[in-house]
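Trainee: Starting off with a structure, shown below.
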Amino acid sequence: MPSLRDIRTRISSVKSTRQITKAMKMVAAAKLRRAQDAVTRARPYASILEQALGRIASSGGEVTHPLLAARAAKRAEILLLTSDRGLAGALNSNVLRRGQRFLVENADRFQQIEVSTIGRKAREFLRARKIASRKDHAGVYQNLRFDTAAEIAKELGERFLSGQVDAIYLCYNEFKSAISQNVVLKQLLPVETGEAAGAGPATEFLYEPDQAQLLEELVPKHLAIQVWRALLDSVASEHGARMTAMESATKNAEEMIAGLTLQYNRARQAYVTKELMEIVSGAEALK
């Protein structure tokens with residue numbers, strides 16, 4: 001049975017842990033509000049741009065864009081988006097498991113599948129399992145800017161145009177709420193416009209400038225917006241998952257403190273009872 005000093009030491013240690021988890025929860029909640037606002041602002045623009053691109057591509061006849069052209073897929077690439085830090089529940093492991101399942105399920109479909117990463121957790125996951133990474137985009141979350149997303153999208157687009165890959169996928173956490181994040185596996189290239197085109201009314205539009213120039217401008221911007229949206233969703237999901245995980249950890253610490261306090265009180269009561277019995281027994285022996 002642990003001594004009173006051991007129990008007191010453990011209670012003090014758990015209280016320190018509770019203080020840390022409570023502070024981390026408050027920090028994550030503050031960051032979550034800003035990240036959620038950024039996601040909310042980006043989604044309408046991304047959705048409308050996707051619909052406009054779909055309408056232009058579907059009404060262009062022979063007019064198309066190289067990034068819209070589907071071809072026989074022999075080489076593919078998947079971009080895994082995780083966080084740089086842990087203590088966020090199953091947030092990162094869900095994305096990594098989905099990415100690993102993609103590699104297994106499509107091993108026969110593609111001759112070669114390359115993996116790129118954003119986030120330290122994805123890099124460490126591949127390194128631990130000796131899976132080769134084509135490129136690790138380090139430091140993206142430290143200074144998250146749209147220009148960074150545009151550079152990543154441009155680099156992926158150039159690889160697709162040069163024929164180094166025939167299909168590119170994004171795997172990330174889509175933010176739903178502070179307690180809900182969905183893992184999304186989305187095809188980035190070639191750009192799919194059929195579903196977006198069907199979202200709007202069947203109206204014939206007159207374009208100025210023509211469809212070819214519009215596609216030349218909108219397709220690269222669409223790619224950058226999709227990567228930017230995935231980054232924003234990943235950041236908001238991270239803060240939401242961390243806030244939920246730290247809240248759960250705080251509650252567990254409080255329950256542990258209550259149990260240890262009860263154990264301490266019982267041990268102290270047993271100790272006092274034992275001392276009294278020894279005093280009474282000694283007094284009776286002197287009579």
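Trainee: Rg and Dmax of region 75-216, Cα atoms, in Å?
Mentor: 17.3, 55
Trainee: Then there's this: Filter the trypsin sites (Lys or Arg not before Pro) in region 18-59 to those in DSSP coil with at most 16 other Cβ atoms within 10 Å of their Cβ, and list the result.
Mentor: Hits after loop and neighbour filter: nothing returned.
Trainee: Still on this model: Using the Cα atoms as the points, what is the convex hull volume per residue of region 26-74 in Å³?
Mentor: 107
Trainee: Continuing with this model, one more query. Please list the radius of gyration and Dmax for the chain, considering alpha-carbon atoms only, with Å as the unit.
Mentor: 28.3, 115
Trainee: How would you classify region 4-101 from its alpha-carbon gyration tensor, with a ≥ b ≥ c the square roots of the eigenvalues: rounded for a/c under 1.5, else prolate if a/b is greater than b/c, otherwise oblate?
Mentor: Details: a/c = 7.09, a/b = 2.41, b/c = 2.94.
Note, shape of region 4-101 comes out oblate.
Trainee: Continuing with this model, one more query. Express in whole angstrom the spacing between the alpha-carbon centres of region 109-127 and region 73-88.
Mentor: 6
Trainee: Rounded to the nearest 500, what is the chain's calculated 222 nm mean residue ellipticity when only DSSP H runs of at least 4 contribute -39500 (n - 2.57) each, over all residues? Intermediate results must be reported in sequence, preceding the final value.
Mentor: Working: 6 runs with 175 residues, N = 287.
One gets -22000 deg cm²/dmol as the mean residue ellipticity at 222 nm.
Trainee: While we're here: Can you give the alpha-carbon Rg of region 133-287 over 2.2 N^0.38 Å, where N counts its residues?
Mentor: So region 133-287 has a normalised radius of gyration of 2.11.
Trainee: Something else now. Please figure out what share of the DSSP beta bridges in the chain is antiparallel and state it in percent, rounded to the nearest 5.
Mentor: Working: 9 of 24 bridges.
Looking only at bridges with both residues in the chain, the antiparallel portion is about 40 percent.
Trainee: Scan the chain and hand back the longest stretch that contains none of the GluC sites (Glu not before Pro) lying in DSSP loops with at most 15 other Cβ atoms within 10 Å.
Mentor: Maximal segment without exposed cleavage sites: 63-203.
Trainee: Kindly identify region 23-157 as rounded, prolate or oblate by the Cα gyration tensor criterion: order the square roots of the eigenvalues as a ≥ b ≥ c, call it rounded if a/c is under 1.5, otherwise compare a/b with b/c, prolate if a/b is larger, else oblate.
Mentor: Because a/c hits 1.5 or more and a/b fails to exceed b/c, region 23-157 counts as oblate.
Trainee: Rank Thr21, Ala35, Met277 by how far each Cα sits towards the positive end of the charge dipole of the chain (+1 on Lys, Arg Cβ; -1 on Asp, Glu Cβ) and give me just the farthest.
Mentor: The residue sitting farthest along the positive end of the dipole is Met277.
Trainee: Shifting gears a bit: Ignoring everything but the protein chains, give the 1.4 Å probe accessible area of Arg10 in square angstrom, nearest 10.
Mentor: 130
Trainee: If you count only protein heavy atoms with a 1.4 Å probe, what accessible area per residue comes out for region 103-155, rounded to a whole Å²?
Mentor: Counting only protein heavy atoms, the per-residue value for region 103-155 is 63 Å².
Trainee: Report in % the part of the accessible area of the chain that belongs to carbon and sulfur, leaving out ligands and nucleic acids; probe 1.4 Å.
Mentor: C and S fraction of accessible area: 53 percent.
Trainee: Please enumerate, by chain and number, the lysines with C-alpha under 30 Å from the C-alpha of Lys135, excluding those fewer than 8 residues away in the same chain.
Mentor: Answer for Lys135, where 30 Å is the Cα cut-off: Lys31, Lys74, Lys121, Lys154, Lys176, Lys186, Lys221, listed by chain and number.
The values are calculated or read from the model by the stated rules, or taken from the named source; none is laboratory data. Computed from a prediction, not measured in an experiment: that's the story for all the values here. All Cβ positions, glycine included, derive from the backbone under ideal geometry; neighbour counts span all protein chains shown. Please note that ligands, DNA and RNA were not included when accessible areas were found on the heavy atoms of the full protein model with its side chains. Shrake-Rupley method; radii C 1.70, N 1.55, O 1.52, S 1.80 Å.
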